[in-house]
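K.L.:
Once you've had a glance at the structure underneath, I'll fire off some questions.
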Amino acid sequence: MAEAQGELAEEFVTMAAEYLKNGSVVAAASGYVFDELAPDRPQIASLSILTDGEWSWPSDLSYYVQKYQVGLPEEFLQHAAARGWRMRRLTPEELEEIGENM
């Protein structure tokens, strides 16, 4: 994560962070994740996996994008931009199928 700091262009930070934050939860755990880049490691999010139906990511990724401009794959940025940076809510059936295929 540390090596990817500052790699995301400023123009994408807010849109990408919001897109990531609004994904549908496909798996969740009872724990929390902490900021691995901060010396005091504050708690930042509950531990879960989010998805938009095609891509999946950990729940803390939006935090790292917003705070540290952590880079994202170009394919993901193109995918989210093609959707107008709007997250579609998945149906329970879609989430169940994705969960079964994880």
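K.L.:
Looking only at region 78-102, which residues are open to solvent by 30 Å² or more (accessible area, probe 1.4 Å), under 15 Å from the mean Cα position of the chain (by Cα) and of a type in the set (A, V, I, L, M, F, W, C)?
P.N.:
Ala81, Trp85, Met87
K.L.:
Same structure, new question: Taking region 62-72 on its own, how many of its residues are under 20 Å from Ala29 (Cα atoms) and open to solvent by less than 30 Å² (accessible area, probe 1.4 Å)?
P.N.:
Of the residues in region 62-72, the ones under 20 Å from Ala29 (Cα atoms) are 62-64.
Still in the list and also open to solvent by less than 30 Å² (accessible area, probe 1.4 Å): 62, 64.
The number of residues fulfilling the criteria is 2.
K.L.:
Further question on the same structure: Scan Glu75, Glu36, Glu7 and give me the residue that is closer than 30 Å to Glu100 by Cα, touching a residue at least 12 places away in the same chain (Cβ under 8 Å) and either in a helix (DSSP H, G or I) or open to solvent by 60 Å² or more (accessible area, probe 1.4 Å) (or both).
P.N.:
Numbers: Glu75 fails: touching a residue at least 12 places away in the same chain (Cβ under 8 Å); Glu7 fails: closer than 30 Å to Glu100 by Cα.
Among Glu75, Glu36, Glu7, only Glu36 is closer than 30 Å to Glu100 by Cα, touching a residue at least 12 places away in the same chain (Cβ under 8 Å) and either in a helix (DSSP H, G or I) or open to solvent by 60 Å² or more (accessible area, probe 1.4 Å) (or both).
K.L.:
Another question, then. Determine which single condition Met87 fails, assuming it passes every other condition in (1) out of contact with any helix residue (DSSP H, G or I) (no Cβ under 8 Å at 6 or more places or on another chain); (2) over 21 Å from Gln5 (Cα atoms).
P.N.:
Going through the list (1) out of contact with any helix residue (DSSP H, G or I) (no Cβ under 8 Å at 6 or more places or on another chain); (2) over 21 Å from Gln5 (Cα atoms), Met87 breaks only (1).
K.L.:
Assigned to a helix (DSSP H, G or I), open to solvent by less than 60 Å² (accessible area, probe 1.4 Å) and either free of Cβ contacts under 8 Å to residues at least 12 places away in the same chain or among the β-branched types (Val, Ile, Thr) (or both) - does that describe any residue in region 45-56? Show your work before the answer.
P.N.:
If we filter region 45-56 for residues that are assigned to a helix (DSSP H, G or I), which is where we start, we get none.
Scanning region 45-56, I find no residue that is assigned to a helix (DSSP H, G or I), open to solvent by less than 60 Å² (accessible area, probe 1.4 Å) and either free of Cβ contacts under 8 Å to residues at least 12 places away in the same chain or among the β-branched types (Val, Ile, Thr) (or both), so the answer is no.
K.L.:
Mind listing whichever residues of region 10-33 are of a type in the set (D, E, K, R) and touching a residue at least 40 places away in the same chain (Cβ under 8 Å)? I'd like the intermediate steps shown before the answer.
P.N.:
So the first thing to find is which residues in region 10-33 are of a type in the set (D, E, K, R), and the list is 10-11, 18, 21.
Glu10, Glu18, Lys21, listed by residue number.
K.L.:
Whether any residue in region 57-66 is part of a loop (DSSP other than H, G, I, E, B) and more than 25 Å from Arg41 (Cα to Cα) is what I want to check. First the steps, then the outcome.
P.N.:
Keep residues of region 57-66 that are part of a loop (DSSP other than H, G, I, E, B), which gives 59-60.
When the remaining residues are screened for being more than 25 Å from Arg41 (Cα to Cα), the result is none.
For region 57-66, residues part of a loop (DSSP other than H, G, I, E, B) and more than 25 Å from Arg41 (Cα to Cα): absent.
The values are calculated or read from the model by the stated rules, or taken from the named source; none is laboratory data. Here the structure is a predicted model, which is why all the values come from computation and not from measurement. When we count neighbours, we look across all protein chains shown, and the Cβ atoms used for this are built from the backbone with ideal geometry, even at glycine. Ligands, DNA and RNA are stripped out before the accessible areas are found, and what is left, the full protein with its side chains, is counted by its heavy atoms. Shrake-Rupley method; radii C 1.70, N 1.55, O 1.52, S 1.80 Å.
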